[in-house]
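All remarks here apply to the structure that follows.
The values are calculated or read from the model by the stated rules, or taken from the named source; none is laboratory data. Note that the structure is a prediction, hence the values are computed from the model and not measured. No Cβ is skipped: glycine too gets one built from the backbone with ideal geometry, and neighbour counts run over all protein chains shown. Each accessible area value is taken on the protein alone, full model and side chains, heavy atoms only, with ligands, DNA and RNA left out. Shrake-Rupley method; radii C 1.70, N 1.55, O 1.52, S 1.80 Å.
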Amino acid sequence: MAHRLTTCTFCGAGCGLYLETAGNRVVGVYPSMSHPVNEGRICVRGWHVHEVADSPDRLRTPLLRRNGRLEEAPWEEALAFIAAGLREIRSRHGPDAIAFLNSPRCSNEEAYLMQKLARAVIGTNNVDHGAGVYSHNSINVLLGMLGAPATTNSIGELASSDVIVVDGADLAQQMPTIAGIVIRARLRGAKLVVIDTRRHRVAENADLFLQLRPGTEALLYGAMAKVIVDRGLANLPFIHARCLGYEAFLARVHDYDLAGAADACGVPSQLIESAALAYARARSAALLYSTGIEAREAEPVEAIVNLALLAGQIGRPGAGIYALTEHNNLQGVCDMGVLPDRLPGYRAVASDAAREEVEAIWGTPLPARPGLTAHAMFADRGGGRVRAAWLCRYDPVSTAFSGDAASSLQQCELVVAQHLFLTETAKHAHVVLPTTAFGEERVTFTNTERRIQLAEQVVEPLSGVSPAWWQLMKVAQALGADWHYRSSADVMGEIASAVPFYGAATYDNLARDYGRQWPCTHDHPLGTPRLFSDGQAASRFRFVPIARRQPTVALSADYPFALVFGHSLYYWHRNVLIQHSETLRREYRILLLDYPDGFVDLNADDALELGIRDGDRIRLRAAGGAAAVTARVTPEMRRGTVYVPHFVRQVQRQILGTAEDGVTLVPVRVEKEAA
Ligand code: SF4
């Protein structure tokens, strides 16, 4: 038997584990004891995610649509069909008639080549990933206020934080090993503050649990800032040395009042005050927030960064901001430029100077106009402009939070899907290219603490499949591009020149010490565990003044409940990896015995008032739609709030329809269905 260190490819924690092989099969999984993130622990998904490679449902041959049916086809024919289709659509409708979308689970190499194919070969910035507007908001705020769109400190540093704030992230479900680190820190004496609408497992362990009304986060943080200022706890030496915009921010802070905020947020003022004082007085305070589906508009993220700057809780061991990227490579695909308005390394598409830098590397002019978001693509095909879609490991028909991916794809002249399986999305494709699985190829992923890590090849790929990056290269070549990458390491070699903060991230370097945290440059080849620790930001941090305003969720007598969406351990994004992993799928089915069509969480007291019992059929009515679902009655929920796990797709579709991207809160009425 052989074993090899690799990286779990499920969530953004990026735990280190060993895969044990016998012949050409993975027969065992062991957590790495010395990996800096998981230190000998992995969650149930890590133990079983490799099972996906053995699924009997794996595609082994390209599929081509002929006479309305997908049929097996040789590789040469499938690739030539794609190239001819893209060429034809571009010549008839222009490059912006083609959109490229990938999963935030794609490797860095796939993500980089996909956006390069879009921009350098096709000539469009219609490039996006499936994590949606929530991640975009976080990136833009962090770039604007800190200059770096990522978590500032290492996960391991949470052990040295004396205050940890967890906001909007159900860590035990989303990133279980990080939940374990937080709980162990609390057991060692750290104060744990949880801000959330749901009393989840980490909240159960909190010293201070601020169970706020959904949509009131910015108001809560504004009130905390007011407490800090009024008590003279603003870190003025830090602010004056390293920040801009404090006076304008301060002028707005004076508008907040603790009692008013407490009333609007539904959190006792003493709790808000205690949380603010604990955060400001901490030797080192860490603040973790979700950039995923439960997450927020830009303003609450701005309020979080304001608070960290106000208290000077950044740039020291255990003091920082953790922008949690729940998908395993959400950080990486953004670093690679899978964004409609940003090139590799977060260079603005609209900036002439930024484009010229990338044009010099790629040797071709690049389009200047920002492209369509994934939401625009699925809402109405960008106003009907999009005629072709390329989807790399992305299954929007099952997972997209908004829009109607299925009907948008049905209206396209060409849909290309790269995937392990014939997903719900792939069923709408004209060409399906079967790809390699975890353990069958050597590629890299970047976790939520900026750690660029190798996922190693431990077995030979399934006969007939090929790496997605290779497929992208072959189509680019067929379209006339001079691309000649001999391996994924070659692709990473080019990434090192196109993404400045990956400059020294060669495979040789990454193979040492559990990868490297970016910036990993020739000056700092060992990487950067903590941003801003040398006392210098690239430029100074910026406060953003936030006017006090009332919460945006307008509840009424007709629609008195706030409906929120979120994650669930086994149902995580109706994840295709879970559906095709034997053990995880079994767990999935156990829950389905009780709730065959999924469930909606309802507060126990609310349920009592409405005469609803666990397992009853209920109807959620909103102004724009209605959905019938099964109630799960739980004390976890805040009164007046209803929670739908993200996998229960029919509720989102029936309630939201094609609503604006970014809708996470909807006023609803709850009715018991007649028996
Ligand atoms: S916490 Fe995330 S990365 Fe770690 S084992 Fe679980 S799914 Fe994998």
Against the definition (open to solvent by less than 20 Å² (accessible area, probe 1.4 Å) and closer than 29 Å to residue 45 by Cα), how does residue 409 come out, yes or no?
no
Does the stretch 375-385 contain at least one residue that is among the hydrophobic types (A, V, I, L, M, F, W, C), in contact with an Asp or Glu (Cβ under 9 Å, 6 or more places away or on another chain) and not in a helix (DSSP H, G or I)?
no
Among (1) within 13 Å of the ligand (Cβ to nearest atom); (2) over 22 Å from the mean Cα position of the chain (by Cα); (3) open to solvent by 30 Å² or more (accessible area, probe 1.4 Å), there is one condition residue 3 misses while meeting the rest; what is its number?
(1)
Which residues, counting only those in the stretch 364-391, are among the small types (Gly, Ala, Ser) and either within 11 Å of residue 128 (Cα to Cα) or surrounded by 18 or more Cβ atoms within 10 Å (Cβ to Cβ) (or both)?
371, 374, 376, 379, 382, 388, 389
Could you say whether any residue in the stretch 132-141 is open to solvent by 10 Å² or more (accessible area, probe 1.4 Å) and within 16 Å of the ligand (Cβ to nearest atom)?
no
Give me the residue from the stretch 438-474 that is in a helix (DSSP H, G or I), under 28 Å from the mean Cα position of the chain (by Cα) and surrounded by fewer than 24 Cβ atoms within 10 Å (Cβ to Cβ) and, out of that set, nearest to the ligand (Cβ to nearest atom).
470
What's the total number of residues in the stretch 39-82 that are open to solvent by less than 40 Å² (accessible area, probe 1.4 Å), within 11 Å of the ligand (Cβ to nearest atom) and among the basic types (Lys, Arg)?
1
Pairs only if they're at least six apart or on different chains, beta carbon under 6 angstrom, first in the stretch 1-29 and within 27 Å of residue 449 (Cβ to Cβ) and of a type in the set (D, E, K, R), second more than 9 Å from the ligand (Cβ to nearest atom) and not in a strand (DSSP E or B); list them, first residue then second.
4/456; 4/458; 20/1
Given the options 103, 91, name the one that is open to solvent by 70 Å² or more (accessible area, probe 1.4 Å), among the hydroxyl-bearing types (Ser, Thr, Tyr) and either free of Cβ contacts under 8 Å to residues at least 24 places away in the same chain or in contact with an Asp or Glu (Cβ under 8 Å, 6 or more places away or on another chain) (or both).
91
What pairs come up if the first residue lies in the stretch 174-189 and is under 12 Å from residue 206 (Cβ atoms), the second is open to solvent by 60 Å² or more (accessible area, probe 1.4 Å) and not in a helix (DSSP H, G or I), and their beta carbons are under 8 Å apart, counting only those six or more places apart or on different chains?
183/205; 186/205; 186/207
Residue list for the stretch 316-340, restricted to those being farther than 20 Å from residue 12 by Cα and either in a helix (DSSP H, G or I) or open to solvent by 10 Å² or more (accessible area, probe 1.4 Å) (or both)
316, 317
Does any residue of the stretch 225-245 turn out to be surrounded by 22 or more Cβ atoms within 10 Å (Cβ to Cβ) and more than 12 Å from residue 306 (Cα to Cα)?
yes
Evaluate the following for residue 351: is it surrounded by 19 or more Cβ atoms within 10 Å (Cβ to Cβ), free of Cβ contacts under 8 Å to residues at least 40 places away in the same chain, of a type in the set (Ser, Thr, Tyr) and over 26 Å from residue 455 (Cα atoms)?
no
Filtering helices (runs of 4 or more DSSP H) wholly in the stretch 164-276 for at least 2 residues that are modelled with pLDDT of 95 or more and within 16 Å of the ligand (Cβ to nearest atom) gives 176-187
Could you tell me whether residue 394 is among the aromatic types (Phe, Trp, Tyr), surrounded by 18 or more Cβ atoms within 10 Å (Cβ to Cβ) and over 21 Å from residue 86 (Cβ atoms)?
no
Conditions (1) part of a helix (DSSP H, G or I); (2) modelled with pLDDT under 80 -> residue 606 fails only (2)
With respect to residue 658, determine if the residue is under 28 Å from the mean Cα position of the chain (by Cα), surrounded by fewer than 18 Cβ atoms within 10 Å (Cβ to Cβ) and modelled with pLDDT of 85 or more.
no
Residue list for the stretch 23-38, filter: open to solvent by 40 Å² or more (accessible area, probe 1.4 Å) and either out of contact with any Asp or Glu (no Cβ under 9 Å at 6 or more places or on another chain) or within 12 Å of the ligand (Cβ to nearest atom) (or both):
23, 30, 34
Does residue 199 satisfy the condition of being in contact with an Asp or Glu (Cβ under 7 Å, 6 or more places away or on another chain) and charged (D, E, K, R)?
yes
